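Here's the structure, in C-alpha cells; my notes come after.
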Amino acid sequence: MHVKELIQENNRKRELLSKDNEKYYTGLLIYIRTSFNTSEQETEEILMEVLDHLLEAQEEGRTAEEVFGEDPQAYAREIVGELPTAMPKEVVKLVSMFGLIFLGVFAFITGLFASILSFVFNQGESVYHLHLGSLTVTAAVSVLGAYILIAGILRYIRWSAFRSIRKVKEIVAACLIGGGVFAIFAIGLYFMPRFGPPIDIPVYVLALIGAILYGAGKWLENKK
C-alpha cells in the first residue's frame, strides 16, 4: 500500500480503539510520525502493524499498556531506532519544500504590501533596490531559520505527545518560540550590510516571484 492509503486505513481503524487505547496509540503515532529523518513508507507500515496488533489484543480484553508496556515514550523511541533513515534525496526534497514555501510567502507578502503602499496610497518606493550578495545570504538564512523553527516544533510535538498540556499553554509556547526565532533572524538580516552587484526589482514583480516560489513548494509537497 502507498503512504496515503496506509494513512487513510490507519485513520479508519483507529476509530475501533477504546478511549484509553486510542490515547496511548495516538501518542505513539504522533511521536513516530514527527521523527524527521525516518522513511515515511516504513513509518506508516510499522504504525499499521502496531495498530493491528493492538486491535487484536483489545478483542482479547487486553489494554495497550499490557501489550506495549507502561512507558509509551520508551516504546516509541525503540520503534524509531529500528526504522530505516530517510533517503538523502527525500530529506533534500522536504527541506526544499519548506524553504520554497517560506520564501514564497515572505516575498509575496512583502511585495503585495509594498505594491499597495506604492500604487494605492502613493507611499513608499515602487522598486526594491537589492544587492545580489546580501540577497543570497538572506535567502539562505531564511531557509535555515525555517528549518530550525520546523525542527523545534517537531521536537516540541514529540515531547508533548505523552503529556497532558493545556491548549492555551501550547499556543503561548508556540507563539513565543516562533516569534523569538523570527525576531532574531529579522534583526540580524536588517542590520546585515549590503554587498554584491546591485539589482532593482519592481515591488509587484517581487510578489509574483513569491507566488512562483510558493507554487513550486506546493508542487514538491504534492509530488511527495
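The values are calculated or read from the model by the stated rules, or taken from the named source; none is laboratory data. Bear in mind that the values here come from a model prediction, so they are computed numbers and not experimental data. Positions of Cβ are backbone-derived with ideal geometry, glycine not excepted, and every protein chain shown enters the neighbour counts. Heavy atoms of the whole protein, side chains included, go into the accessibility calculation; ligands, DNA and RNA do not. Shrake-Rupley method; radii C 1.70, N 1.55, O 1.52, S 1.80 Å.
Using r as the Cβ-Cβ distance of A140 and L176, and R0 as 25 Å, what FRET efficiency do you calculate, to the nearest 0.05?
Working: r = 25 Å, r/R0 = 1.02.
It comes to 0.45.
Extending 7 Å from the Cα toward the beta-carbon at both T85 and E45 defines two label points whose distance is 1.9 nm. Using a Gaussian network model of the chain in which every pair of alpha carbons under 10 angstrom is joined by a spring, one finds that among E22, E59, E44 the greatest mean-square fluctuation is at E59. Look at the dipole of the chain built from charges on Cβ: of A140, S35, F113, the Cα furthest out on the positive end belongs to F113.
For region 1-148, the Cβ-based charge dipole about the Cα centre amounts to some 1020 debye (Lys, Arg positive; Asp, Glu negative; other atoms uncharged).
The largest-to-smallest principal axis extents of the Cα set in the chain are 72, 36, 31 Å.
Model label points for A183 and I116, set 7 angstrom from Cα along the Cα-to-Cβ axis, are 2.4 nm apart.
Here the simple spin-label model places points 7 Å from the Cα toward Cβ, and for R163 and L16 these points are separated by 3.4 nm. In percent, rounded to a whole number, the relative contact order of the chain is 30, using alpha-carbon pairs under 8 Å and six or more apart. Looking only at G111, G145, G81, which one moves most when the chain is put into a Gaussian network model with springs between Cα atoms under 10 Å? Highest fluctuation of the listed residues: G81.
To the nearest 10, the accessible area of H129 is 110 Å² with a 1.4 Å probe.
Surface calculation, 1.4 Å probe, protein heavy atoms: T136 sits at approximately 80 Å² accessible.
Could you please put L17, L130, L208 in sequence from largest to smallest accessible area, using a 1.4 Å probe? Numbers along the way, then the final one.
On the way: L17 20, L130 40, L208 105 Å².
The residues order as L208, L130, L17, largest area first.
Shown are Y147, Y156, Y24, whose ranking by accessible area with a 1.4 Å probe and every protein chain present, most to least, is Y147, Y156, Y24. Counting only Cα atoms, the size of region 1-57 along its three principal axes is 30, 21, 15 Å, in decreasing order.
Legend: residue pairs K4/K223; K23/K223; K23/K93, Cα-Cα distance threshold 22 Å; pairs beyond threshold, K23/K223; K23/K93. Measuring nothing but protein heavy atoms, the accessible surface of region 1-74 at 1.4 Å probe radius is 46 percent carbon and sulfur.
Considering Cα pairs under 8 angstrom that are at least six residues apart, work out the relative contact order of region 1-107 and quote it in whole percent. Write down the numbers at each step before the final one.
Numbers: 71 pairs, mean separation 34.6, N = 107.
This gives 32 percent for region 1-107.
Rolling a 1.4 Å probe over the protein heavy atoms gives the chain an accessible area of 64 Å² per residue.
Solvent-accessible area of E82, all protein chains in place: 140 Å² (probe radius 1.4 Å, heavy atoms, ligands and nucleic acids excluded). Membrane-span-like helices in the chain, defined here as complete DSSP H runs extending at least 24 Å along the helix axis by their C-alpha atoms with mean Kyte-Doolittle hydropathy no lower than 0.0, are 88-115, 132-160, 167-190, 203-223; this is a sequence and geometry rule, not a statement about a membrane. Run down the aspartates and glutamates and flag those whose C-alpha is under 18 Å from the C-alpha of K19, throwing out any fewer than 8 positions away in its chain. The reachable aspartates and glutamates, counting only those whose Cα sits under 18 Å from K19, are D52, E56, E59, E60, E65, E66, E70, D71.
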